[in-house]
1. Could you pull out every residue, at least 5 positions away or on a different chain, whose amide H is within less than 5 Å of the one on Asn397? Hs are placed 1.01 Å off N in the peptide plane, and Pro or chain starts have none.
2. Can you flag which of Lys151/Lys173; Lys217/Lys256; Lys228/Lys426; Lys154/Lys475; Lys155/Lys482; Lys59/Lys414 are past 26 Å Cα-Cα?
3. Any idea of the accessible area per residue across the range 183-273, 1.4 Å probe, to the nearest Å²?
4. Full extension from Asp124 to Lys308: what is 0.36 nm times the residue separation minus their Cα-Cα distance, to one decimal in nm?
5. Return the aspartates and glutamates within reach of Lys42: Cα separation strictly under 17 angstrom, same-chain partners fewer than 8 residues apart disregarded; answer none if there are no such residues.
6. What is the set of long-range amide H partners of Gly483 at a cut-off below 5 Å, with H atoms built 1.01 Å from backbone N?
7. Step through the residues of the range 207-224 one at a time and calculate ³J(HN,Hα) from phi using the Karplus curve (6.51 cos²θ - 1.76 cosθ + 1.60, θ = phi - 60°), rounding each to whole Hz and writing x for Gly and Pro.
8. Glu13 accessible area, nearest 10 Å², 1.4 Å probe?
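The values are calculated or read from the model by the stated rules, or taken from the named source; none is laboratory data. Source: prediction; values computed, not measured. Neighbour counts are summed over all protein chains in view; Cβ atoms, including those assigned to glycine, are modelled from backbone coordinates with ideal geometry. What goes into the accessible areas is simple: the full protein's heavy atoms, side chains included, and nothing from ligands, DNA or RNA. Shrake-Rupley method; radii C 1.70, N 1.55, O 1.52, S 1.80 Å.
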Amino acid sequence: MKVSFAGTTIPSEGALALGVAKGGKLGATLGPLGSSVDKKSKGAVRRAIKAAGRFEGDKGQSVEILAPTGTRLSRLILVGLGKPEDFDTRAAEVLGANVARRVSATGDTKVAIALDATKGFKIDEDKLSARVGFGARLGSYRFDRYRTKEKPDKKPSLKQLTVLCEANVAAQKRFAILDKLADSVSFARDLVTEPPNVLFPKSLADQAETLTKLGIKVEVLNLAKLQKLGMGSLIGVAQGSTHEPYVVVMQWNGGKAGAAPVAFIGKGVTFDSGGLSLKPASGMEEMKFDMAGSAAVIGTMRALAARKARVNAVGVVGLVENMPSANAQRPGDVVTSMSGQTIEVLNTDAEGRLVLADVLWYAKERFKPVFMVDLATLTGAIIVALGHNQAGLFSNNDELATRLVAAGDTEGEKLWRMPLGDDYDKDIDSDIADMKNIGTGGKAGSIIGAQFLQRFVGETAWAHLDIAGTAWLHKDNPTVPKGATGYGVRLLNRLVADHYEEK
Ligand code: BES
Ligand code: MN
Ligand code: ZN
């Protein structure tokens with residue numbers, strides 16, 4: 001689907017979607033284009049609104065008129081905006097996504113969308129219009145690589161979406177940036193959706209390496225290098241798999257030369273069987289998504305480079321496959337992490353923290369970053385606590401935490417802060433090593449996971465995002481179709497844009 005922008009004239013064919021504000025005589029208020037179609041069609045639009053009954057221009061409401069007389073449109077869709085003063089960028093995205101998806105199911109190939117309420121918006125029309133296009137792109141995401149027999153009438157039909165607005169030149173300009181962001185979100189979604197026989201540590205590293213074409217410096221550290229670095233904790237997780245582990249380091253230097261970078265760290269378990277602490281068969285297939293943290297980091301680096309963000313940023317991802325085998329790590333093994341701290345591995349299924357322990361330490365030691373944010377599908381317990389709408393946020397730094405929460409609110413990638421504390425930390429003290437990789441009581445599993453990670457970040461400002469609930473959805477959302485969400489890319493791009501770029 002191609003997105004473009006044009007002035008506010010009624011198209012001669014295809015579908016047209018018009019925003020309708022809440023309020024006024026009809027309950028809903030037609031904008032200039034709506035009134036003009038109404039006139040052309042001899043009042044058919046107003047009659048349709050009356051006939052629809054409960055339509056009052058509320059957000060989420062719509063009325064569809066097929067082949068309105070006096071026009072050659074296939075359909076006119078009136079979409080409620082709610083009160084224009086409450087209509088924000090997220091609402092614009094949702095509107096664009098809903099219209100695109102709806103028209104795509106009809107067989108129509110073209111749609112024009114106008115917000116069509118020139119008064120009352122608190123946000124500039126060009127900004128809102130660009131977000132309509134952005135939402136349409138995010139909501140129209142599909143992963144089709146392995147479909148060979150889809151019937152044409154099941155395929156989305158929409159090819160061309162035009163947003164109509166007076167400031168269309170400015171809107172187009174804004175959209176160009178968002179369009180690239182949507183590409184990066186889609187890239188992350190693709191990586192997470194790829195099956196685990198195709199996407200394993202090496203092939204994921206290869207994908208990260210493609211970012212060099214955007215000006216990102218990419219280093220791929222192989223097993224020999226990881227051994228030399230002393231990453232015994234990460235290597236232990238991978239030892240049961242025929243796929244060797246990799247750590248990929250991505251650097252985008254768009255800021256002042258030599259200025260300390262921001263750092264993003266990702267869990268990249270390309271398949272988590274649990275290892276010898278094997279997971280039950282039911283639902284195990286979902287564990288291809290256990291590299292979603294690394295996909296978010298790769299997607300974020302891509303997004304920053306694509307818009308040439310004026311920041312120095314590094315992304316470091318630990319890529320392993322967690323498998324049972326004669327050579328697999330045993331429950332009871334003790335490994336030595338790169339930090340020198342020893343870990344008693346009591347459950348081989350608590351592997352994400354073992355991977356991140358070495359990657360966090362490495363990033364901190366090598367880059368002395370301004371902050372580190374790690375993303376990981378770390379615990380099932382975070383889904384019990386927060387469900388699929390918000391990710392868990394753990395941080396040793398209030399400023400970073402506040403900024404992350406705010407970024408999540410604006411981008412619709414929400415975060416809820418969870419506690420850390422000494423009482424929880426004690427729970428992972430081991431009888432024979434420095435720590436064990438699971439808690440004693442089996443309670444507060446997500447916090448215990450975060451406490452474990454905290455032992456590898458030193459004094460660095462750090463936040464851990466447990467995205468086990470938000471990385472994959474089982475039902476459609478307007479801008480996030482079911483499946484891989486790409487959660488984290490928009491969030492971190494916004495965090496950087498709002499606080500860490502050179503002016
Ligand atoms: N990748 C899983 C976390 C997970 C589990 C995500 C279920 C989504 C759904 C992680 O590696 C894991 O297995 N965690 C264990 C930790 C436990 C052994 C302490 C868990 O959550 O059960
Ligand atoms: Mn696991
Ligand atoms: Zn895992």
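1. Under 5 Å from the amide H of Asn397 lie the amide H atoms of Trp462, each far enough along the sequence or on another chain.
2. Where the Cα-Cα span goes over 26 Å, the pairs concerned are Lys151/Lys173; Lys228/Lys426.
3. I get 36 Å² per residue for this part.
4. Full extension from Asp124 to Lys308 adds 63.8 nm.
5. Glu64
6. When sequence neighbours closer than 5 places are left aside, the close amide H contacts are Leu473, His474, Lys475.
7. Residue by residue, the range 207-224 yields 4, 4, 5, 5, 5, 4, 5, 9, x, 8, 8, 10, 10, 10, 8, 8, 4, 4 Hz.
8. Counting only protein heavy atoms, the figure is 90 Å².
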